[in-house]
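These notes concern the structure reproduced below.
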There are 2 protein chains.
Amino acid sequence: FERKQFKSLKELLSTMEPADIAEVLAEKAPAERVFLFRLLPKDIAIEVFEFLEGAEREELLGSFTDTEVAAIIEEMSDDDRTALFDELPAKTVKKLLAHLSPEERKLANALLNYQADSAGRIMTPEFIDLKETMTASQALARIRATAAKKETIYTSFVVSPERKLKGTVHLEDLILASPDTPVTDFMDGLPVFVTTDTDQEEAAKTMSKYDLQTIPVVDRESRLVGILTFDDILDIVQEEATEDFERMAGISPVDESYLDAGIMTLTRKRLTWLLVCIVTQLFSSFILERYSFVLESVVALAFFIPLLIGTGGNTGTQAATLVIRGFTVGEIVREDLFRVISKEIVSGFLLGISLAVLASIRAWTMGTGYGVALTVAASVVGVVMLGNLVGAFLPFAAKKLNIDPAVMSGPFITTVVDILGLLLYFEVARRVLVLG
Amino acid sequence: FERKQFKSLKELLSTMEPADIAEVLAEKAPAERVFLFRLLPKDIAIEVFEFLEGAEREELLGSFTDTEVAAIIEEMSDDDRTALFDELPAKTVKKLLAHLSPEERKLANALLNYQADSAGRIMTPEFIDLKETMTASQALARIRATAAKKETIYTSFVVSPERKLKGTVHLEDLILASPDTPVTDFMDGLPVFVTTDTDQEEAAKTMSKYDLQTIPVVDRESRLVGILTFDDILDIVQEEATEDFERMAGISPVDESYLDAGIMTLTRKRLTWLLVCIVTQLFSSFILERYSFVLESVVALAFFIPLLIGTGGNTGTQAATLVIRGFTVGEIVREDLFRVISKEIVSGFLLGISLAVLASIRAWTMGTGYGVALTVAASVVGVVMLGNLVGAFLPFAAKKLNIDPAVMSGPFITTVVDILGLLLYFEVARRVLVLG
């Protein structure tokens, strides 16, 4: 690089948004990434660092001197730092904690002691606290004085001398109030809050339900210890949706992005459910073996096995998806079991009839007799209703057993329906065709 | 009700959050709902109304006099009103529009003319605009004067006399600035924005990427016409995730909640893909018919059909889910095709080997000879790799054809893999067992 190019590169970077710079850096080779990162002014560098992914962060940290590392770690916001520490090996975390000032280290440690996926883990203690005795102008003075180090100034929190949460104050109301009004006059005295133990998904739901941009987090003694802000919950909502998609396809949640994850990791995350399913599927071979006398008499019955179990699996997946998603967004609760099941039975009957018409026309025109056509028709109706029933019921059962309903879906439901569907099909065939 | 009970009921309602009141109302019978709603003070009533679902809103509106309707509609925030009008029949909308003051009607009409799912459709025009010539104290005075009617006061927008967007001002910076500083000194002069045509999902992604609580919306002439706020994007993110879940299970997006949707609606939304799949599945019966001479010689081959196609379908769904979700959260782009495919081929081989061991042990212990065991083992490896390949490739193909990749999943992929898997299985069997 010439000195001039160097300068114009610096200028170019300074006009870009930190999120965009992070994107550019992510695409570069490691050496180039370190070089470009060092060109950034310190305050922007930290913001860019917060936007980078785990692997890139670790690599960048490795390329810095201890003093540089200390500066970056110390300037990061608390929740981003906790997320970073979460991703790094314990040994590295310990080394990094040593770089923090004693006060910062105390905060980081406090955050790290809450259990994974709890509100305590992702909250930031960088909120503005006000006293009950303050007036609007005193409160505004305190906000002005402390704003620079805080996560948000749009909501501040009134606490008692014992640090118990007494109310929330919106900057909006503070600005519109006359200077001498006590804060207790315009604070929200019954604010919605979560506790440090609250699951992060629960916390996100609460914030979404009440349209909150900030929610206070209190400990078991009702003391205010942190806040969650809106960028936290967006991340949570996206993360939880991804986990649900993965679970519904029988994949254990993958922490890294698809392209970053190693092939062995991906394979391992997928293998568990595939093994469960194939072991369960072995039953299907026993069932077919048991009914082989039927198959040997009328080999045409085998022609419809894929169609039949495929259709059952598809309807089961549909029903499960509707119920699981209903649980997630809160539109369905445990008590709705009978409403849901009866809906699925009726809908299964209607779907079954429509699909049976098509399948039995094919069986009929094949010229193997009415018996096979009748068997196929009856079995399609049965298997579709079965798929609906199993697909709707299993998520409720999971909920009852406090298992994530999303686990009860896709591969697992398909497998269960396959096996029950085969039993149904051959039982119907045996009776209709009067065999064995 | 006694007069006293009446009063304490009113008091109870006044301590509750609007979102909670809406929840209580939703559970009541219509008559009771109307009764309770009328007890609410006007300002709270409007907030509660905005939290209610479509069906309840319509019903409540029906129970009011014209003057009452006019008051509610006029007080609703613009984006909520647009959402309400979207849900109602055109005739009702026209009637309701008549209730608005001329100014409000102009706004509502403006919002309604943007296409569905665009930023224009959900934006609110209730933002605070500032002039380039203003100082911090003048800006603050303007915010104080107009705050009551605006959606947010945390971000205001500097516009030129032609109403072109010049920059955004954060209340934070405004409060911390000395009174005489011109707004142009501390405004963000290159703010991130979207246009009225931007798809709402795109707009949500942009806000999420840059951690924005508010984003300006400009028209084709770069004039500032509205803003999106964070509660809008949370709704969009949830809505889009639900749509993706439904599409991935072969369900056309359902607009209502599961319990509100009629059985016929649900059945219709599910039938299309089931029909597509069953018609495609008919091919499987033709394939099996063609290979019936193989089946007749070795009926044991039929025992493994469900296991084989089930496994192929499961791996296909897993691969498709990883790729589709990768597209949605932006971790995978079109150019990654070859990286993804090669990853899936290697991973498919590893998964296939593990699963083939289990399946072939079962085939071997069945005592039908090594030939069947070998056929099953080779076919499991083949079908798992096939499932991975099809599951990873089809979403890319959809993306290329500008179809939502989520459509290429669950039922459809399972069906395609079923058919290709059967062909593979019987071709392998024919060669290994030297038949036909």
* Structure fact -> One decimal, nm, nearest first: from B:T265 to the same residue in each other copy, label points 7 Å out along Cα→Cβ, the values are 4.2
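Any idea what diffusion coefficient the protein assembly as shown gets from Stokes-Einstein, in µm²/s, Kirkwood Rh on alpha carbon pairs, 37 °C, 0.692 mPa s?
Details: Rh = 30.3 Å.
Rounded to a whole number, D works out at 108 µm²/s.
I'd like the per residue volume of the convex hull spanned by the Cα atoms of the stretch B:263-432, given in cubic angstrom. Working shown, then result.
Details: hull volume 22.6 nm³, N = 170.
Taking the convex hull of the Cα positions in the stretch B:263-432, it is 133 Å³ per residue.
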* Asked: Which residues make up the longest stretch of chain B that has no GluC sites (Glu not before Pro) in a DSSP loop with at most 10 other Cβ atoms within 10 Å?
  -> B:222-436
* Asked: Using modelled amide H (1.01 Å from N, peptide plane; none on Pro or chain starts), what sits under 5 Å from the amide H of B:S118, excluding residues fewer than 5 places away?
  -> B:Q200
* Asked: What number, rounded to the nearest 500 deg cm²/dmol, is the helix-based mean residue ellipticity at 222 nm of the protein assembly as shown, given -39500 (n - 2.57) per DSSP H run of at least four residues and division by all its residues?
  -> -21000 deg cm²/dmol
* Name the residues whose placed amide hydrogens come within less than 5 Å of the amide hydrogen of A:G167, ignoring near sequence neighbours (fewer than 5 apart) on the same chain. => A:V158
* Structure fact -> Mean other chain Cβ within 10 Å across B:281-291 is 6
* Of B:A71, B:F230, B:L140, farthest towards positive along the dipole that unit charges on Lys, Arg, Asp, Glu beta carbons give chain B -> B:F230
* Quick one: which of A:113-119, A:321-327 comes out on top by average Cβ neighbours within 10 Å, and what's the full order, highest first? -> A:321-327, A:113-119
* Asked: If you plug each phi of the stretch A:241-256 into the Karplus form 6.51 cos²θ - 1.76 cosθ + 1.60 with θ = phi - 60°, what whole-Hz ³J(HN,Hα) values come out, in order, with x for Gly and Pro?
  -> 4, 4, 4, 5, 4, 5, 4, 5, 9, x, 10, 5, x, 9, 6, 8
* Rg to Rh for the stretch A:129-232: what is it, with Cα atoms only and Rh by Kirkwood? -> 0.96
* Structure fact -> For the stretch A:374-381, Karplus-derived ³J(HN,Hα) couplings (6.51, -1.76, 1.60; θ = phi - 60°; whole Hz; x for glycine and proline) come out as 5, 4, 4, 4, 4, 5, 4, 4
* At a Förster radius of 56 Å, what calculated FRET efficiency corresponds to the Cβ-Cβ distance of A:L12 and B:V276, to the nearest 0.05? -> 0.65
* Asked: B:A26 label points, 7 Å along Cα→Cβ, one per copy: pairwise distances from this copy to the rest in nm, shortest first?
  -> 3.4
* Asked: Got the relative contact order for chain B handy, in percent, Cα pairs under 8 Å and 6 or more residues apart?
  -> 11
* Mind checking the dipole of the stretch B:129-246: about its Cα centre, +1 per Lys or Arg Cβ, -1 per Asp or Glu Cβ, Debye to the nearest 20? -> 940
* List the distances, in nm to one decimal, from the label point of B:D185 to the label points of the same position in every other copy, shortest first, placing each label point 7 Å from Cα along the Cα-to-Cβ direction. => 3.2
* Asked: Which angle from 0 to 90°, rounded to the nearest 10, does the C-alpha axis of helix B:305-328 make with the longest principal axis of chain B?
  -> 30
* Any idea what the dipole of chain B comes to, in debye rounded to 20, about its Cα centre with Lys/Arg Cβ at +1 and Asp/Glu Cβ at -1? -> 1460
* Average beta-carbon neighbours from other chains, 10 Å sphere, peptide B:389-400 -> 0
* Pairs to check: A:K399/B:K269; B:K164/B:K209; A:K42/B:K209; A:K209/A:K269; B:K150/B:K205; B:K7/B:K28. Give those whose C-alpha atoms are more than 28 Å from each other in this structure. => A:K209/A:K269
* Structure fact -> Karplus ³J(HN,Hα) for the stretch A:56-69 (6.51 cos²θ - 1.76 cosθ + 1.60, θ = phi - 60°; Hz, whole; x = Gly/Pro) runs 5, 4, 4, 5, 4, 4, x, 8, 9, 6, 4, 5, 5, 4
* What trypsin sites (Lys or Arg not before Pro) in the stretch A:13-44 are in a loop by DSSP, with at most 15 other Cβ atoms within 10 Å of the Cβ? -> A:K28
* Structure fact -> Residues meeting the amide H criterion for A:T135 (H placed from the backbone, H to H distance under 5 Å, 5 or more places apart or on another chain) are A:V183
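Bear in mind that the values in this text are calculations on the coordinates, not laboratory data. Note that the coordinates shown come from a computational prediction; the quantities given were computed from them, not determined experimentally. Note that each Cβ is placed from the backbone with ideal geometry, even for glycine, and that neighbours are counted across all protein chains shown.
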